[in-house]
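What follows is one structure encoded as structure tokens, with my remarks underneath.
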Amino acid sequence: MRNNCVFCAIMDGEIPSQKVYEDEKFIIIKDINPKAKLHYLCIPKNHYKLLEQMTEEDLDNIRYIFKKIPELKKELGLENGYRIIINQGDDAIQTVFHLHIHLLGGEKLPV
């Protein structure tokens with residue numbers, strides 16, 4: 001398993017997932033433990049634990065992801081709104097230490 005990381009293993013095809021989108025920069029999969037009616041994980045293909053560890057080029061990929069999500073929101077069922085969450089570190093309850101973005105929607109979400 002590359003980097004001893006479950007998300008790297010998913011991208012390498014070693015662990016099955018429900019991919020809903022993939023391109024050269026990132027994948028979007030359904031979360032296996034959803035916290036909302038619709039819960040997706042947007043995962044950059046390059047492995048970093050935290051945003052601040054990323055190169056400038058890969059930070060541009062995060063900007064790319066944020067611009068791509070609105071193009072996909074109807075396909076993902078998020079056209080009525082969605083929440084974007086990035087957990088950074090233990091105190092933020094980051095459980096997989098490969099930077100990823102949670103997309104939650106499909107219902108009104110509590111704060």
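Worth a mention:
- Amide H contacts for Tyr21 (H built 1.01 Å from N in the peptide plane; partners 5 or more residues away or on another chain; cut-off under 5 Å): Ile28.
- Per-residue 3J(HN,Hα) values for the stretch 48-58, derived from phi via the Karplus relation 6.51 cos²θ - 1.76 cosθ + 1.60 with θ = phi - 60°, read 9, 7, 10, 3, 5, 8, 6, 6, 4, 4, 6 Hz in sequence order (x marks Gly and Pro).
- Derived scalar couplings between HN and Hα for the stretch 83-100 equal 10, 10, 9, 10, 8, 10, x, 4, 5, 8, 6, 6, 9, 10, 8, 10, 3, 8 Hz in order, rounded to whole Hz, by the Karplus curve 6.51 cos²θ - 1.76 cosθ + 1.60 (θ = phi - 60°), x for Gly and Pro.
- For the chain, the cysteines with no partner cysteine C-beta closer than 4.7 Å are Cys42.
- Amide hydrogen neighbours beyond the local backbone of Lys45, cut-off 5 Å, H modeled: Phe26, Ile27
- A simple rule links phi to the HN-Hα coupling: the Karplus curve 6.51 cos²θ - 1.76 cosθ + 1.60 with θ = phi - 60°, which for the stretch 22-36 gives 8, 9, 6, 9, 7, 10, 10, 10, 6, 6, 7, 10, x, 9, 8 Hz, with x for Gly and Pro.
- Stokes-Einstein D for the stretch 2-105, Kirkwood Rh over Cα pairs, 10 °C, 1.306 mPa s (µm²/s): 114
- Under the criterion of Cα pairs below 8 Å and six or more residues apart, the relative contact order for the chain equals 30 percent.
Read-outs: derived from the displayed coordinates by stated rules, not from any lab. Note that the structure is a prediction, hence the values are computed from the model and not measured. Don't worry about glycine lacking a Cβ; one is built from the backbone with ideal geometry, like all the others, and counts go over all protein chains shown.
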